[in-house]
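See below for the structure under consideration.
The values are calculated or read from the model by the stated rules, or taken from the named source; none is laboratory data. Note that the coordinates shown come from a computational prediction; the quantities given were computed from them, not determined experimentally. Methodologically, a virtual Cβ is constructed for each residue, glycine included, from the backbone with ideal geometry; neighbour enumeration extends over all protein chains shown.
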Amino acid sequence: MDLPPDGSPLGGRRVLLGVTGGIGAYKAAVLVRALVQAGADVEVVLTRGAMRFVGAATFEGLTGRAVRSEVWEDIPAGTHVGLGRSADIAVVYPATAHTLAKLAAGLADDLLTTTLLAARCPLVLAPAMHTEMWQHAATQANAATLAARGAVLVGPADGPLMGGDAGPGRLVEPELVTAAIERAMVAAGGGETTQDRSGQQVRSREPEGEPNGAAAGDLAGVRVLVTAGGTREPIDPVRYLGNRSSGRMGFALAAAAADRGAEVVLVAAPTELATPAGVTRTDVTTARDLHAAVLAHLDGVDVVIKAAAVADFRPANAATSKLKKSAGAPTITLVPNVDVLAELGQRRGDASHPVLVGFAAETEDVESSGRAKLAAKGADLLVVNDVAAADAGFEVDTNRVVVLDRDGGRQALAFGSKRQVAEGILDRVLAWRSLHG
């Protein structure tokens, strides 16, 4: 048997793997082999549907353990409770629409769902189903519910499906799930820096007594400047032009960077969110305020993440007293605000420092618009998302984004909480820094 890699975050960890009844269930054997090679102790639970696609003998040969499938087996041992309590991390690969629905509702009608209801460990889900099923409002709501509770959703991918169809809903490949499992395990444990299967820097279990986000994190010594929230451009003393940004994505990025050891300055437009631990915060109101604050904190910064929704225009002349309805509809002349990200790109020129990360909130032609913005701004990475989506736009706790880079690369991050998405964005920042130094 291959030896596990040194410092693997899965070394000695107990992984509970649930396999459900999807055509991609055969890939679970590849995932099990990768987890075992990483040093994990894998316990497999097959649903009745899964057993129509794959057999128990394959998994028993790979893990050296009996496969579990029925809640009625070994009743005195309390199998479902024992499996749930002993797991360091739980994974469902593939996760069918039916399974997502049961997990979201808290149902427990078989061994897998009963076990997961008893588990208190991180949960990674890899959805797989036909496109229409994935895009159905009920499935999307179930996925959003699970993500909001802390589950990590990986995929689905866009590609060939059963029956000759193609589209979103394809099961992601095992190596992507292995990397997500490692990141989730690290996020739950913190500590020592190593590499996951995709080459990203991650942290393994932290030493006893060492707080999460200690200097051993993979961003230790890195100075990060984050902007967040939506600017407000005054019309008069009581009215303003604004947007729907809550600041949650930017605050999640600031918190995640600080927990990974970075020195973080957060420039925050108006929001009700509390300052993350370990973060230095500067509050601003207008786009011009934000521009001035960014420039004031720019010296010595290694990474700039422009997550704020900055107004493109402002009233040319704000009224000094409240505009009265009786005076009729006012004529408001707008003038452009400075484009902070583009200015930073121009200032940096051809240099690789600092790394510049922008955001593009789009409602149509999302990626093509994002790619054009990336080129125009001179950024290294651009995070694009469809803010018209109910579960990934403004004022929600979940997000689904694609990270574009100026080398032509593209990575769709797994749907999840904004904190989980923030971790994925920071992984991409680290990868970019390692390639472009």
Every listed condition ((1) surrounded by fewer than 18 Cβ atoms within 10 Å (Cβ to Cβ); (2) part of a loop (DSSP other than H, G, I, E, B); (3) in contact (Cβ under 8 Å) with a residue 12 or more places away in the chain) holds for residue 261 save (1)
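Any residue at all in the stretch 47-69 that's of a type in the set (Asp, Glu), in contact with a Leu (Cβ under 6 Å, 6 or more places away or on another chain) and within 20 Å of residue 82 (Cβ to Cβ)?
If we filter the stretch 47-69 for residues that are of a type in the set (Asp, Glu), which is where we start, we get 60.
Among the residues that remain, those that are also in contact with a Leu (Cβ under 6 Å, 6 or more places away or on another chain) are: none.
The answer is no; no qualifying residue exists.
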### Message
If I filter the stretch 359-379 for residues that are in contact with an Asp or Glu (Cβ under 8 Å, 6 or more places away or on another chain) and in contact (Cβ under 8 Å) with a residue 40 or more places away in the chain, do I get at least one hit?
### Response
no
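Would you call residue 169 surrounded by 16 or more Cβ atoms within 10 Å (Cβ to Cβ) and within 20 Å of residue 401 (Cα to Cα)?
Working: surrounded by 16 or more Cβ atoms within 10 Å (Cβ to Cβ): yes; within 20 Å of residue 401 (Cα to Cα): yes.
Judged against the criteria, residue 169 is a match.
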All-but-one check, residue 144 against (1) part of a strand (DSSP E or B); (2) among the small types (Gly, Ala, Ser); (3) crowded, with 20+ Cβ neighbours inside 10 Å, failing number (1)
Would a scan of the stretch 411-423 turn up a residue that is in a loop (DSSP other than H, G, I, E, B), closer than 26 Å to residue 180 by Cβ, within 18 Å of the chain's Cα centre (by Cα) and at pLDDT below 85? yes
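Of 43, 60, which residue is on the phi < 0 side of the Ramachandran plot, of a type in the set (Asp, Glu) and touching a residue at least 40 places away in the same chain (Cβ under 8 Å)? Spell out how you get there, then give the answer.
Values: 60 fails: touching a residue at least 40 places away in the same chain (Cβ under 8 Å).
Exactly one residue qualifies, and that residue is 43.
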Qualifying residue in the stretch 353-376 (condition: surrounded by 13 or more Cβ atoms within 10 Å (Cβ to Cβ), basic (Lys, Arg) and farther than 26 Å from residue 150 by Cα) = yes
Only unsatisfied item for residue 252, checking (1) in contact with a Gly (Cβ under 9 Å, 6 or more places away or on another chain); (2) crowded, with 21+ Cβ neighbours inside 10 Å, is (1)
Taking the stretch 26-42 and keeping only residues that are in a strand (DSSP E or B) and under 24 Å from the mean Cα position of the chain (by Cα), one is left with none
